[in-house]
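Q: Questions regarding the structure given below will be posed in turn.
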Amino acid sequence: MDRDEAQQVLEAALLCAGRPLTLAELTALFDGALPGAEVQAALQALQRAWDGRGLALVQVAGGWRFQTRPHVHPFLERLNPEKPPRYSRAVLETLAVIAYRQPVTRGDIEAIRGVTVGTPILRQLEERGWIEVVGHRDTAGRPALYATTRQFLDDLGLASLASLPALEADADPTPELPGLAAADPLSETTT
């Protein structure tokens, strides 16, 4: 099989998939006819072939996927005028603490934020699939330890936690996480 044909197979699989596909899954498409290194090279060539187009082939934590480029979002929003969910400052602060300090307990989050973390905030992040309980701290009460999920990385278009923006010592404790917008504080409801 030549590289052009391999790219066509990969392109079709990725465009039809409803989720990121791992290198192992993409290699399995060729039933041993192409080794992983050649599939990786074909993916990189396909990525270059899509430069300058409305879609981009990107590698995220869950594997490879096509996603729209930011400059086409205003046009696509006209097809589906539904507004994406907006998150309160409390939700974003809690998510940022978990993302940058994981694994953390609810008490750790409250100590960093300086306010009580309501159960609905943690529940909202869990239901979104962005955080999960990864264990329990070996202290009195055995509090749950929270960490971000692969879904969090995939939804924000990050390959790993190392891709998060760097924190500066005197920076706002809630950095802008890629792909997330805070709710307008004037229209915010209590969470």
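Computed from the coordinates by the stated procedures, all read-outs in this text should not be read as laboratory data. Model, not experiment: these values are computed from the prediction. Because the Cβ atoms are built from the backbone with ideal geometry, glycine has one as well, and the counts that use them run over all protein chains shown.
Q: From the list A159, A166, pick out the single residue that is surrounded by fewer than 18 Cβ atoms within 10 Å (Cβ to Cβ) and in contact with a helix residue (DSSP H, G or I) (Cβ under 8 Å, 6 or more places away or on another chain).
A: Details: A166 fails: in contact with a helix residue (DSSP H, G or I) (Cβ under 8 Å, 6 or more places away or on another chain).
Answer to the selection: A159.
Q: On the given criteria, is G114 under 26 Å from V134 (Cα atoms) and in contact (Cβ under 8 Å) with a residue 12 or more places away in the chain?
A: no
Q: In segment 1-39, what count of residues is obtained for those that are more than 15 Å from G63 (Cα to Cα), among the polar types (S, T, N, Q) and either surrounded by 15 or more Cβ atoms within 10 Å (Cβ to Cβ) or in contact (Cβ under 8 Å) with a residue 12 or more places away in the chain (or both)?
A: 1
Q: Let me ask something else about it. Residues to consider are R69, R78, R53, R3; find the one that is basic (K, R) and in contact with a strand residue (DSSP E or B) (Cβ under 8 Å, 6 or more places away or on another chain). Give the derivation first.
A: Details: R78 fails: in contact with a strand residue (DSSP E or B) (Cβ under 8 Å, 6 or more places away or on another chain); R53 fails: in contact with a strand residue (DSSP E or B) (Cβ under 8 Å, 6 or more places away or on another chain); R3 fails: in contact with a strand residue (DSSP E or B) (Cβ under 8 Å, 6 or more places away or on another chain).
Exactly one residue qualifies, and that residue is R69.
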